[in-house]
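Shown next, in structure tokens, is the structure this report addresses.
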Amino acid sequence: MISVQEASASILSHLYKPDTRRVPLQEAVGSVLAEPVTADRDFPPFHRVTMDGIAIAFDAWEKGKRTFLIEGTQAAGEPKKTLTSAENALEVMTGAMLPAGTDTVVRYEDLAIESPNATITVDNITRGQSVHRQGQDAASGEVLLSPNMILSPAEIAVLASVGKTVVKIKNYPRTAVIASGDELVEVGQTPLPHQIRRSNTYAIEAAMKTLGWKGDQFHLPDDKDTLRRSLEKILKQYDSVILSGGVSQGKFDFIPGVLESLGVKKVFHQVSQRPGKPLWFGASPEGKTAFALPGNPVSTFMCFYRYILPWLWTSLGIEPRQEYAVLAEDFTFKPQLTYFLQVSVKNDGGMLMAYPDAGGGSGDFANLKKIDGFLELPMERSEFKAGESLPFIPFRA
Ligand SMILES: Nc1nc2c(c(=O)[nH]1)N[C@H]1C(S)=C(S)[C@@H](COP(=O)(O)OP(=O)(O)OC[C@H]3O[C@@H](n4cnc5c(N)ncnc54)[C@H](O)[C@@H]3O)O[C@H]1N2
Ligand code: MOO
Ligand SMILES: [Mg+2]
């Protein structure tokens with residue numbers, strides 16, 4: 001049986017190779033950028049006035065001039081005006097071009113205006129004040145955004161400002177989310193005493209949705225031939241499949257065998273972890289991947305966040321973020337397995353404290369509502385002390 005680290009490394013050596021597509025700017029938030037974006041002009045594109053007031057030639061101030069004749073007004077959105085005499089001033093508005101012949105802006109708060117004159121009432125004026133100089137933030141042609149970044153609202157602003165109406169982004173893997181099991185019925189159905197509603201695929205699809213990843217749900221029975229026929233079709237249509245259930249030792253746990261019979265070669269089966277020991281992972285020669293997650297709901301859930309999430313980000317060119325939290329209470333776990341301890345977290349003066357709330361085992365998915373994620377307790381030890389910082393796998397935004 002392989003370790004969590006080995007399993008995770010194996011998965012990360014079978015990445016999806018994303019192709020790209022172009023989307024309208026307004027659909028791009030949350031996507032992964034697939035092209036460099038350069039400044040189409042200087043940032044800012046002209047000397048930009050940053051305060052409402054008057055623009056003057058600083059030399060005049062230096063020579064002792066305090067009262068200026070107002071020649072006119074330069075509003076934002078108007079072509080650049082020119083000051084005709086260095087003895088005069090132009091009223092200027094925030095966002096306007098700095099008029100030619102001026103280099104300094106004095107705000108209204110520091111003026112006494114008696115039309116048609118403005119008198120500066122303060123002593124501390126500096127050359128170039130209240131002017132955002134052309135190219136100060138970035139020069140034309142400079143790379144503003146590089147590929148492989150998740151587009152947040154901040155990047156959308158940058159894209160908009162350089163005129164990108166259409167953005168090239170990376171495609172996520174086309175993914176089928178498959179529940180298997182004869183005991184499972186649809187959410188809208190009333191289960192018979194021996195049946196349960198299927199929840200795992202809804203949880204996975206929802207988790208994917210929070211990442212901007214679309215999953216198509218399927219439900220397959222515990223019947224080898226049907227499984228084979230259906231999975232064959234699904235594998236043709238999708239880049240990856242995420243299955244839940246049917247991977248353990250049961251008489252009807254057919255998933256690994258059927259996947260192998262369809263050319264999805266086993267990379268590993270079983271990981272020294274709790275929950276989720278029966279995890280199976282395979283890949284086909286064409287680069288399709290199959291994650292067969294153990295059916296117990298907490299296992300399915302944990303395996304998605306611990307293994308599939310980093311696989312997705314790495315595939316898209318983004319380094320997955322490793323978070324840590326501090327164990328708030330002593331905890332003991334004896335078996336020689338990596339234990340994914342359910343914890344709720346609280347921020348205590350900048351330190352993320354993790355409070356164990358182990359729940360009633362991997363079938364007790366109602367416990368997930370009380371927790372925020374999993375703390376990864378290494379296999380090598382069984383005693384964990386309050387105050388220890390450990391890898392934390394969050395699932396809440
Ligand atoms: N002899 C052994 N038995 C089991 C072992 C083992 O090592 N030896 N491992 C146990 C562990 S750990 C787990 S986890 C489960 C994994 O089982 P499967 O992946 O084969 O999953 P199923 O048998 O199909 O189902 C397990 C459990 O989960 C429920 N389930 C399945 N799918 C869903 C769904 N979509 N929504 C809600 N609940 C679901 C299912 O009804 C079962 O109760 O095996 C142990 N056994
Ligand atoms: O993974 Mo199993 O969920 O330990 O019960
Ligand atoms: Mg089973």
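The values are calculated or read from the model by the stated rules, or taken from the named source; none is laboratory data. Note that the structure is a prediction, hence the values are computed from the model and not measured. Every residue, glycine as well, gets a Cβ built from its backbone with ideal geometry; the counts of neighbours run over all protein chains shown. All accessible areas refer to the heavy atoms of the entire protein, side chains included, with ligands and DNA or RNA removed. Shrake-Rupley method; radii C 1.70, N 1.55, O 1.52, S 1.80 Å.
Would you mind calculating the relative contact order of the range 64-223 from Cα pairs under 8 angstrom and at least 6 residues apart, reporting the percent as a whole number?
15 percent
Assuming R0 = 56 Å, what is the FRET efficiency of Val158 and Lys251, from their Cβ-Cβ distance, to the nearest 0.05?
Working: r = 57 Å, r/R0 = 1.03.
FRET efficiency, Val158 to Lys251: 0.45.
Considering only protein heavy atoms and a 1.4 Å probe, what is the carbon-and-sulfur percentage of the accessible area of the chain? The partial results should precede the final answer.
Details: 9960 of 19360 Å².
With neighbouring chains kept in place, the figure for the chain is 51 percent.
Using a simple spin-label model with points 7 Å from Cα along the Cα→Cβ vector, what separation in nm is obtained for Arg174 and Ser199?
3.2 nm
So what are the three principal axis dimensions of the range 323-394 from its Cα atoms, in whole Å, longest to shortest?
Extents along the principal axes: 33, 29, 18 Å.
Could you state the accessible area per residue of the chain in Å², with a 1.4 Å probe and every protein chain left in place? Please list the in-between numbers first.
Working: 19360 Å² over 397 residues.
Ligands and nucleic acids excluded, the figure is 49 Å² per residue.
Would you kindly calculate the translational diffusion coefficient of the range 9-98, applying Stokes-Einstein with the Kirkwood radius from alpha carbon pairs, for 20 °C and a viscosity of 1.002 mPa s, and quote it in µm² s⁻¹ without decimals? Please list the in-between numbers first.
Values: Rh = 17.7 Å.
This corresponds to a translational diffusion coefficient of 121 µm²/s.
Kindly rank 277-288, 354-365 from highest to lowest mean number of other beta carbons found within 10 Å of each residue. The partial results should precede the final answer.
Details: 277-288: 18.9, 354-365: 16.8.
Descending packing order for the listed peptides: 277-288, 354-365.
Sequence gap at least 6, Cα distance under 8 Å: using those rules, report the relative contact order of the range 323-394 to the nearest whole percent. Spell out each step's value before the answer.
On the way: 158 pairs, mean separation 34.3, N = 72.
Value for the range 323-394: 48 percent.
Tell me, what ³J(HN,Hα) does each residue in the range 46-56 have, in order and in whole Hz, if you take phi through Karplus 6.51 cos²θ - 1.76 cosθ + 1.60 with θ = phi - 60° and put x for Gly and Pro?
Values per residue, Gly and Pro as x: 8, 5, 9, 5, 10, 9, 6, x, 10, 9, 10 Hz.
From the cross-link list Lys17/Lys170; Lys277/Lys370; Lys214/Lys265; Lys224/Lys251; Lys80/Lys164, which pairs have alpha carbons spaced over 18 Å apart? Spell out each step's value before the answer.
Details: Lys17/Lys170 10 Å; Lys277/Lys370 23 Å; Lys214/Lys265 25 Å; Lys224/Lys251 11 Å; Lys80/Lys164 26 Å.
Lys277/Lys370; Lys214/Lys265; Lys80/Lys164, as the Cα separations exceed 18 Å there.
In nm, what is the difference between 0.36 nm times the number of residues separating Ser284 and Glu329 and their Cα-Cα distance?
Details: separation 45, 0.36 × 45 = 16.20 nm, distance 4.41 nm.
Gain on stretching Ser284 to Glu329: 11.8 nm.
Cα centroids of the range 330-397 and the range 1-32: how far apart, whole angstrom?
First find each Cα centre; the distance between them is then 26 Å.
Where does the chain land at 222 nm, in deg cm²/dmol rounded to the nearest 500, when only DSSP H runs of n ≥ 4 count, each adding -39500 (n - 2.57), divided by all residues?
Numbers: 8 runs with 69 residues, N = 397.
Estimated from H runs of four or more residues: -5000 deg cm²/dmol.
Work out the FRET efficiency for Tyr305 and Thr94 from their Cβ-Cβ distance, taking R0 = 41 Å, and round it to the nearest 0.05. Mind showing how you got there, number by number?
On the way: r = 47 Å, r/R0 = 1.14.
Efficiency at R0 = 41 Å is approximately 0.30.
How big is the gap, in Å, between the Cα center of the range 97-163 and the Cα center of the range 75-95?
With the range 97-163 and the range 75-95 each reduced to a Cα centre, they are spaced 14 Å.
Among 254-262, 210-218, how do they line up by average Cβ neighbours within 10 Å per residue, starting with the highest? Present the calculation step by step, with values, prior to reporting the outcome.
Numbers: 254-262: 19.9, 210-218: 15.6.
Final packing ranking: 254-262, 210-218.
Stokes-Einstein diffusion coefficient for the chain at 10 °C in a medium of 1.306 mPa s, Rh from the Kirkwood formula over Cα pairs: what value in µm²/s? Before the final figure, lay out the partial values.
On the way: Rh = 25.6 Å.
In µm²/s, the coefficient is 62.
Quick one: Karplus J couplings for the range 66-71, per residue in order, coefficients 6.51, -1.76, 1.60, θ = phi - 60°, nearest Hz, x for Gly and Pro?
10, 10, 10, 7, 7, 7
Can you work out the PRE-style zone for Lys369? Point 7 Å along Cα to Cβ, and I want the residues of the range 378-397 with backbone N under 17 Å.
The answer is 396, whose backbone nitrogens lie closer than 17 Å to the label point.
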